[in-house]
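Working notes, beginning with the structure itself.
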Amino acid sequence: MLIMVFGFNTFGGNSAGVVLNNYSVRDGLMNIGRLLMGVSVIGSYPFIFAGMKNGLLALIKREGDAGSELDKKIVRVGLAAITALALVLENAGFVVSFNGALMGSAIVSKFTECRRAFCYMTCSLTSFSRLSLYRSTSSHPLCS
């Protein structure tokens, strides 16, 4: 996070959506950074796509075995949609911003509920705080 702040402060309001695009293509360290970002995206893509596919299958309440027709259709349609979006969208900053906003709102809205559920399951709570889940007699940092 600190590196992102320094990268943005270098260029201020004129910063591109992807900070690495602000630097010269002749800058060796930035080229290494671009290469590592590419490796990160390519390496994490299968994990993210598998999670999306499993989530979609759970959403439609169907189970797909690896190699089933439903599994193959979801993979084909998903890859086609993502590839079509990649061909149409010119600004990667929009995708990064949209993803950041979506994940940020998900974290803010769900973290409290997950924290409460964690405390309810693991901390020693009084009968009153079992109802409110705000007060705890536990010394666990998440339950205080």
Could you look through the range 80-128, keep only residues that are among the hydroxyl-bearing types (Ser, Thr, Tyr), outside the structural domain of Lys53 (by TED's automatic domain parsing) and part of a helix (DSSP H, G or I), and pick out the one that is modelled with the highest pLDDT?
-> Ser105
Restricted to the range 1-39, and to residues that are surrounded by 12 or more Cβ atoms within 10 Å (Cβ to Cβ) and not in a helix (DSSP H, G or I), which residue is farthest from the chain's Cα centre (by Cα)?
-> Asp27
How many residues does the range 70-103 contain that are under 21 Å from Gly51 (Cβ atoms) and of a type in the set (Asp, Glu)?
-> 1
Quick one: which residue in Asn31, Asn54 is at pLDDT 80 or above, more than 17 Å from Val96 (Cβ to Cβ) and touching a Phe, Trp or Tyr at 6+ places or on another chain (Cβ under 9 Å)?
-> Asn31
Within the range 42-62, is there a residue that is within 21 Å of the chain's Cα centre (by Cα) and in a loop (DSSP other than H, G, I, E, B)?
-> no
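The values are calculated or read from the model by the stated rules, or taken from the named source; none is laboratory data. For clarity, every value in this text was computed on a predicted model and none was experimentally measured. Ideal geometry is used to build each Cβ from the backbone, glycine not excepted, and the neighbour counts take in all protein chains shown.
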